[in-house]
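The values are calculated or read from the model by the stated rules, or taken from the named source; none is laboratory data. Note that the structure is a prediction, hence the values are computed from the model and not measured. As a convention, Cβ positions derive from the backbone with ideal geometry for all residues, glycine included, and neighbour counts pool all protein chains shown. These area figures cover heavy atoms from the full protein model, side chains too; ligands, DNA and RNA do not enter into them. Shrake-Rupley method; radii C 1.70, N 1.55, O 1.52, S 1.80 Å.
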Amino acid sequence: MVETKKKKSIFKKWWFYVGIIAVLALIGAIQDLADNGKIDSPKENAEVKKDNPKEEKVDSKTKEVATTPKIEKKEEPKNDETEQEIKNYKKIYDEKIKPFMTEYDKIWNENWKPAMSKISNDPNKFKEIKGEMDKVQEGYDNLNLKIIDWKAKGLNDDNNKQLEEYRENFSQAVSYRSNAARAINQAIDGVADLESRFEEAKKSIELSDKYVLNAAVTLTKLENKLGLIKKEEK
């Protein structure tokens with residue numbers, strides 16, 4: 001009878017234990033290096049990256065913002081010539097432009113508006129507003145003569161051109177308001193029919209508003225060029 005040779009278990013083989021000891025020694029050596037700071041632990045690297053995402057980028061931006069000087073906007077100083085131009089304009093405004101505009105509104109508010117209110121409440125009183133229409137027509141005719149006589153001068157050539165543009169537009173506005181009152185008076189006097197005269201008055205008022213707006217825009221441009229209108233900072 002042949003004896004069967006039994007195989008030794010792997011746990012009884014000497015090289016198995018030598019291998020385990022070698023692996024453990026290698027792991028221990030690597031851990032020692034990591035503890036001494038020679039090798040960065042993968043876990044520690046992950047924690048550092050997690051705790052400080054994009055650290056260098058943030059620091060760079062913060063440094064850039066901190067070191068960038070803030071530039072303050074300063075108004076440019078006006079020279080003597082500009083200062084004199086502003087003084088001349090203010091004098092023209094106080095002596096001519098402002099009084100003209102005040103009278104323009106006063107004639108309308110004190111005569112035209114009350115007259116239109118009267119006939120809107122009672123159309124039968126139509127002929128009773130002739131007195132107010134006479135005042136409107138005469139008032140604007142006299143005002144227009146003052147504007148026509150006024151020579152746009154006192155500033156430099158470019159600014160005088162704008163001043164003249166304002167004067168022409170404002171004169172047209174005054175003239176059309178006078179024409180509106182004239183049209184109503186023609187209806188009252190029986191020179192023309194009521195419907196056509198009121199239509200003429202309406203068109204005249206619309207044209208007057210158009211020209212007075214043009215005058216205001218021109219004046220605003222001039223004042224802006226002189227630096228009298230402050231610009232809002234964005």
Checklist outcome for this item: Checked against (1) in a helix (DSSP H, G or I); (2) in contact with a helix residue (DSSP H, G or I) (Cβ under 8 Å, 6 or more places away or on another chain); (3) without any contact (Cβ under 8 Å) to a residue 24 or more places away in the chain, GLU195 satisfies every condition except (2)
Checklist entry - What are the residues in the stretch 135-172 that are outside any helix (DSSP H, G or I) and open to solvent by 50 Å² or more (accessible area, probe 1.4 Å), if any? => result LYS151, LYS153, ASN156
Checklist entry - List pairs: first in the stretch 99-115 and within 12 Å of LYS146 (Cα to Cα), second of a type in the set (Gly, Ala, Ser), Cβ under 7 Å, 6+ apart or cross-chain? => result none
Next on the checklist: For a quick check of your reading of the model, give me the residue pairs whose first member lies in the stretch 146-168 and is at negative phi and touching a residue at least 12 places away in the same chain (Cβ under 8 Å), whose second is of a type in the set (S, T, N, Q) and open to solvent by less than 40 Å² (accessible area, probe 1.4 Å), with beta-carbon atoms closer than 6 Å and at least 6 apart or on different chains.
Outcome noted: ILE147/SER171; ALA152/ASN160; GLN162/THR218; GLU165/THR218; TYR166/THR218
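Yes/no matrix, rows are residues, columns are (1) open to solvent by 50 Å² or more (accessible area, probe 1.4 Å); (2) modelled with pLDDT of 95 or more; (3) of a type outside the set (S, T, N, Q):
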residue: LYS106; (1), (2), (3): yes, yes, yes
residue: LYS127; (1), (2), (3): yes, no, yes
residue: MET133; (1), (2), (3): no, yes, yes
residue: VAL174; (1), (2), (3): no, yes, yes
residue: ALA180; (1), (2), (3): no, yes, yes
residue: ASP193; (1), (2), (3): yes, no, yes
Next on the checklist: Taking the conditions exactly as written (modelled with pLDDT under 95 and of a type in the set (Ser, Thr, Tyr)), does THR82 satisfy them or not?
Outcome noted: yes
Item to check | Matching residues in the stretch 110-125 - criterion: being open to solvent by 80 Å² or more (accessible area, probe 1.4 Å) and at pLDDT 95 or above | outcome: GLU110, LYS113
Checklist entry - How about the stretch 198-231: which of its residues are assigned to a helix (DSSP H, G or I) and hydrophobic (A, V, I, L, M, F, W, C)? => result PHE198, ALA201, ILE205, LEU207, VAL212, LEU213, ALA215, ALA216, VAL217, LEU219, LEU222
